[in-house]
1. Kindly provide the helix-only [θ] at 222 nm of the chain, computed as the sum of -39,500 (n - 2.57) over DSSP H runs of four or more divided by all residues, to the nearest 500 deg cm²/dmol?
2. At R0 = 25 Å, how high is the FRET efficiency between residue 47 and residue 20 if r is their beta carbon distance? Nearest 0.05 is fine.
3. To the nearest 10 degrees, how steep is helix 3-37 against the longest Cα principal axis of the chain, on a 0 to 90 scale?
4. To the nearest 10 square angstrom, how much accessible area does residue 53 have with a 1.4 angstrom probe?
5. Tell me the label-point distance for the pair residue 34, residue 6, using the 7 Å Cα-to-Cβ offset, in nm and rounded to one decimal.
6. For the Cα atoms of the chain, what angle does the longest principal axis make with the long axis of helix 42-64, in degrees from 0 to 90, nearest 10?
7. Could you pull the accessible area for residue 43 with a 1.4 Å probe, rounded to 10 Å²?
8. Please compute the contact order of the chain in relative form: average sequence separation of alpha-carbon pairs under 8 Å and at least six residues apart, divided by the residue count, as a percent.
Amino acid sequence: MTDASTERTEGMHWRHALRNELNTITMANAAAVTLLDHGAPLERVREHLMRAEAACRRCSDLVRDPDKD
C-alpha cells in the first residue's frame with residue numbers, strides 16, 4: 001500500500017469512528033427526549049443522557065488525537 005492510500009484508509013476509519021459516535025449521541029438524545037415526552041422515569045432518561053455524554057467524550061478524544069483510535 002502506498003502512503004497516500006494508507007492515509008486515505010486511516011482517514012476513512014477515523015471518519016467512520018466519528019460518525020458512529022455522532023450517531024450514538026443523536027439516537028441517545030432522541031430517546032431521552034421521547035422518554036421525557038412520555039413521562040418515563042427520570043432514571044431511564046438519565047441512562048440515555050449518560051450514553052450520549054460518553055459518546056461526546058469519545059468524539060472529543062477522536063478529534064484531539066485521531067491516531068489514538
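1. -30500 deg cm²/dmol
2. Numbers: r = 19 Å, r/R0 = 0.76.
Calculated transfer efficiency: 0.85.
3. Its long axis makes an angle of about 0 degrees.
4. Counting only protein heavy atoms, residue 53 exposes about 100 Å² to solvent.
5. 4.4 nm
6. Computed tilt is about 20 degrees.
7. 100 Å²
8. In percent, rounded to a whole number, it is 35.
The values are calculated or read from the model by the stated rules, or taken from the named source; none is laboratory data. In this text, all values refer to a predicted model and were calculated from it rather than measured experimentally. Every residue, glycine among them, receives a Cβ derived from its backbone with ideal geometry; neighbour counts consider all protein chains shown. Just the protein is used for accessible areas: all its heavy atoms, side chains included, with ligands, DNA and RNA removed. Shrake-Rupley method; radii C 1.70, N 1.55, O 1.52, S 1.80 Å.
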